[in-house]
Amino acid sequence: DPTITALIKYVWSQRNDKAAVSLAAVQFTPEYAALMGRFPRHRELIKECVKKLLRDLASFPHHKYTEQNGQICYKKLDSLVHTIYYGYFTMFAYMKEHDEGHVQQAVMESRLYFNVNCGSFSYAELPCQYERMMGVSGTLEALSAAERAVLKETFGISKFTYVPSMYGESNLDFTPNSKRSVVIETEEGFYLAIRREIDERLRGTISGNPCERAVLVYFETSTQLEDFQGSECMSDLKHFVQVITEKTSNESKAGLVRQACTAGMITLLTREFGRGTDFVCLDTSLNDNGGVHVIQTFLSDQLTEETQIKGRTARQGAKGSYSMVLHRGKKSLGKFMTELEIGEMCRGEKRYDLIHPKRVALFETQCSSNTARVTQAAQSHKESIAFLEDVWEGRRTRVSEYLLKHVKRA
């Protein structure tokens, strides 16, 4: 509607004047008066929309997004997509990028509208409507007791069938409690430890074989990956490694994945590529020399993610190996264990067998809080279903009351 567009453009034009974009000031503008005149039966609803618009404008400078090919994109799994929308934040992002010449006028104009919260739906509630539930997972054995309880008590799934691999026993080389497979370093020496691990694992397992292996290095975030790539310890290699993050285009991604399993290749990746990305080693010499090695530079909150990352190597009967490089800081191993516990572990003979129970304990605690949020979301889900029924049956008064309540809640 042109009256809505006019008000939004006015607010954006005055964004650097805090007094001008207060609700009291905006209510006295011709744009606001025209909008109220256009929708006289929805004055209170429009007022709440304007309040939300102004609140989001004040917070917009802190909003993170990526502009790509004239679209505002956000991270989704291992990609950047333009189909995610964060209400007025995304709208303001389009306006900002248009002002800077990155977004076309028509594209920006198509994003100018009020966002009216019509409720929310819980993914946890949707399966409860199904008559039958079944699924296939490669990480079923890695589920925690809390996750199994949810499957059984919430969704009524009680039968689990385990099917062995058609390729036989895994050829993955990973010795959980050895210092060689689980490297623990200080925060200061963390990047150097990763570099040493790369150099060591590139060397083949067959003595005298000149063929190098391939190494995949997984980082928790793209920021950590880029920081490591630009660090001093990678200065001699940074132009000879390939990088795959959510910013990598789909066209480039396919070629990089193929190249990752060639001898001598070092690939840095974010955690999203530890699940579902098929790294296939077709080089028989590389396979004979130990196959692809995977280095994980963070401890996953859940065993299922770690299992998926391990599964990027030793695929379909091929050889492969896996190791961890962790640091003692609060953002790594210190998140799960105290400094005293870490010190005692480093002096002892066991590593993974001490780390894993701590991870499980933390996850169980988080799972309890997640359950509370799911219960709260279930109530919103039921209210949203009732709202759809009111819309379908034409109950205008109830629809208006619902919308006003949810706009105020947003």
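Considering the zone a paramagnetic label at residue 154 would reach in this model (a point 7 Å from Cα along the Cα-to-Cβ line), which residues of the range 340-380 have amide N under 16 Å from it?
From the range 340-380, the list is 363-380.
Using square roots of five times the C-alpha gyration tensor eigenvalues, list the equivalent-ellipsoid semi-axes of the range 90-210 in whole Å, biggest first.
44, 35, 16
At a 10 angstrom cut-off on C-beta neighbours, averaged per residue, how do the peptides 150-157, 224-231 rank from highest to lowest?
224-231, 150-157
Given a Förster distance of 45 Å, report the FRET efficiency between residue 247 and residue 397 from their Cβ-Cβ distance, rounded to the nearest 0.05.
FRET efficiency, residue 247 to residue 397: 0.40.
Can you compute the modelled spin-label distance between residue 361 and residue 109, with each label point 7 Å from Cα toward Cβ, in nm?
Distance between the two pseudo-spin positions: 6.2 nm.
Please list, in chain and number order, the residues 5+ apart from residue 103 or on another chain whose amide H is under 5 Å from its amide H, with Hs placed from the backbone.
98
Go through the chain and flag any cysteine with no other cysteine's C-beta closer than 4.7 Å, please.
Within the chain, the cysteines lacking a partner Cβ under 4.7 Å are 49, 73, 118, 128, 211, 233, 346, 367.
At 7 Å along Cα-to-Cβ for each site, give me the label-to-label distance between residue 188 and residue 385 in nm.
5.9
Name the long-range amide H neighbours of residue 320: under 5 Å, sequence gap of 5 or more, or other chain; modelled H, no Pro or chain starts.
Close amide H contacts, sequence-distant or interchain: 173, 314.
Among the listed pairs 253/382; 253/319; 64/331; 64/152; 76/350, which are separated by more than 32 Å between their Cα atoms?
Exceeds cut-off: 253/382; 64/152; 76/350.
Work out, step by step, the length gained on full extension between residue 14 and residue 368: first 0.36 nm times the residue separation, then minus their alpha carbon distance; give nm to one decimal.
Result: 122.9 nm gained on full extension.
For the range 177-258, what is the accessible area per residue in Å², given a 1.4 Å probe and the full set of protein chains?
Per residue, the range 177-258 has 53 Å² of solvent-accessible surface.
Please report, in debye to the nearest 20, how large the charge dipole of the chain is about its Cα centre when each Lys and Arg carries +1 at its beta carbon and each Asp and Glu carries -1 there.
The calculated dipole for the chain is roughly 1000 debye.
What FRET efficiency comes out for the pair residue 203/residue 99, r = Cβ-Cβ distance, R0 = 45 Å, nearest 0.05?
0.25
What ranking do 112-124, 367-379 get when scored by the average of other Cβ atoms within 10 Å per residue, highest first?
112-124, 367-379
Would you work out what percent of the accessible area of the chain, with all protein chains in place, is carbon or sulfur (probe 1.4 Å)?
After summing per-atom areas, the C and S share lands at 53 percent.
What aspartates and glutamates does residue 9 reach when the alpha-carbon gap must be under 19 Å and sequence neighbours fewer than 8 apart in one chain are set aside?
Hits, sequence-local ones excluded: 1, 17, 31, 48, 56, 97, 99, 100, 109.
Can you order the peptides 329-335, 249-255 by their average number of other Cβ atoms within 10 Å per residue, highest first?
Going from most to least packed, we get 329-335, 249-255.
The values are calculated or read from the model by the stated rules, or taken from the named source; none is laboratory data. None of these values were measured; they are calculated from a predicted model. Reconstructed Cβ throughout: ideal geometry from the backbone, glycine too, with neighbour counts over all protein chains shown. Heavy atoms of the whole protein, side chains included, go into the accessibility calculation; ligands, DNA and RNA do not. Shrake-Rupley method; radii C 1.70, N 1.55, O 1.52, S 1.80 Å.
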